[in-house]
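Here, each number is a calculation from the coordinates, and none is a lab measurement. A quick note: this is a predicted structure, and the numbers were derived from the prediction, not measured. Don't worry about glycine lacking a Cβ; one is built from the backbone with ideal geometry, like all the others, and counts go over all protein chains shown.
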Amino acid sequence: MDLVRADPEGHGLRTAALLRRSHPFDKELQIAGLVHGLGGLLRLSDGTVTHGVAAESVRPLLGERVARLVRLSGAPGGYGAHGGADAEAVATLRQARESAAGAALDAGVPEDWRPLLDLVAAGARRGRSAGNAHDPLGVPRGSRRPAGGLP
């Protein structure tokens, strides 16, 4: 919640609010919209800002799909190059992100999103592999990822 509150312009809140309106049943997509900009707050040791940093930071708490949506929403070359079932969701997230930049809507406050964050986090915990149960931070950087993980 501290990182969500740290978004001074509230871009993540506006993106999530737009996604809530357009896709009310896709909770993970809404949360991806809320946290997609965390890469700007979480930087690599060399100062690089990437969507991959944001994706890897939310994966242990919010699960594979939210992390994948965050990563692919900022991937160069477009979402189509990555294919998969979430191509439409990634396109929707990108569109909402762009629309939120100029939107003047009341998106509420970060605390409004706590119940949904808790719900998505609980679902991620239930679907987590046994390896993540022992290592909540996931696979260390530079280690091989299990089959089926993100590249």
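Taking 7 Å steps out from each Cα toward its Cβ at A85 and E9 produces label points 3.4 nm apart.
Across region 13-23, computed HN-Hα scalar couplings (Karplus, 6.51 cos²θ - 1.76 cosθ + 1.60, θ = phi - 60°) run 4, 5, 4, 4, 5, 5, 5, 4, 6, 7, 9 Hz from first to last residue, x flagging Gly and Pro.
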